[in-house]
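Chemist: The structure under discussion is supplied below as structure tokens; questions concerning it will follow.
The values are calculated or read from the model by the stated rules, or taken from the named source; none is laboratory data. On a predicted model such as this, the values are computed, not experimentally measured, just so you know. Because the Cβ atoms are built from the backbone with ideal geometry, glycine has one as well, and the counts that use them run over all protein chains shown. All accessible areas refer to the heavy atoms of the entire protein, side chains included, with ligands and DNA or RNA removed. Shrake-Rupley method; radii C 1.70, N 1.55, O 1.52, S 1.80 Å.
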Amino acid sequence: MSKVLLVDDDRTMCSLVKTLLSLEGYSVVIAPTNLEEQEILEFVIREKPEYILMDVHLRGLNGLDILRRLKQTSPIFTGKIILVSGIDYHDKAYEAGAAGFLIKPYMPSDLLELLKK
């Protein structure tokens, strides 16, 4: 069973995505919303997810910056990161090393397709 870590400050979105992915057989962990950047990195290392689904705009944090930091720790984290946002950061996400990007609101089938690639 693949583990997906959700890093998003929208608790409703996290709940919906967790339900969807759980029904598809994924193990889902939701990161607490009050974490600072370094704490998110430590949470990722502790949880060891195969996938991270992360919003670009987090409470006072930037998902693109976190993505870059995670890529710098590649021997520790080797999973795939999919960024999401209501703003089109497609090019910036891929330049930063994302495995995928989705514009909110996205179709569940689009998320599942990215996870299966």
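Chemist: Within the range 43-57, track down each residue that is surrounded by 12 or more Cβ atoms within 10 Å (Cβ to Cβ) and of a type outside the set (A, V, I, L, M, F, W, C).
Modeler: Once the filter is applied, which keeps residues that are surrounded by 12 or more Cβ atoms within 10 Å (Cβ to Cβ) and of a type outside the set (A, V, I, L, M, F, W, C), the range 43-57 yields Glu47, Lys48, Pro49, Glu50, Tyr51, Asp55, His57.
Chemist: Still on this structure: Among the residues of the range 72-91, is there at least one that is more than 14 Å from Lys3 (Cα to Cα), in contact (Cβ under 8 Å) with a residue 60 or more places away in the chain and open to solvent by less than 20 Å² (accessible area, probe 1.4 Å)?
Modeler: So far as the range 72-91 goes, yes, one or more of its residues are more than 14 Å from Lys3 (Cα to Cα), in contact (Cβ under 8 Å) with a residue 60 or more places away in the chain and open to solvent by less than 20 Å² (accessible area, probe 1.4 Å).
Chemist: What pairs come out if I take residues in the range 105-117 that are within 20 Å of Asp10 (Cα to Cα) and pair them with residues that are open to solvent by 30 Å² or more (accessible area, probe 1.4 Å) and part of a helix (DSSP H, G or I) whose C-beta lies under 7 Å away, six or more apart or interchain?
Modeler: Pro108/Leu20
Chemist: Which residue pairs have Cβ atoms closer than 8 Å, lie 6 or more positions apart in sequence or on different chains, and pair a first residue in the range 31-53 that is in contact (Cβ under 8 Å) with a residue 40 or more places away in the chain with a second residue that is among the acidic types (Asp, Glu) and open to solvent by less than 30 Å² (accessible area, probe 1.4 Å)?
Modeler: Close Cβ pairs satisfying both conditions: Leu53/Asp8.
Chemist: Could you grab me the full set of residues in the range 14-41 that are outside any loop (DSSP other than H, G, I, E, B), modelled with pLDDT under 95 and surrounded by 12 or more Cβ atoms within 10 Å (Cβ to Cβ)?
Modeler: If the condition is that a residue be outside any loop (DSSP other than H, G, I, E, B), modelled with pLDDT under 95 and surrounded by 12 or more Cβ atoms within 10 Å (Cβ to Cβ), then Glu37, Glu39, Ile40, Leu41 are the ones that fit.
Chemist: Given the criterion more than 11 Å from the chain's Cα centre (by Cα) and more than 16 Å from Pro108 (Cα to Cα), identify the matching residue among Glu50, Glu42.
Modeler: After applying the criteria, what remains is Glu42.
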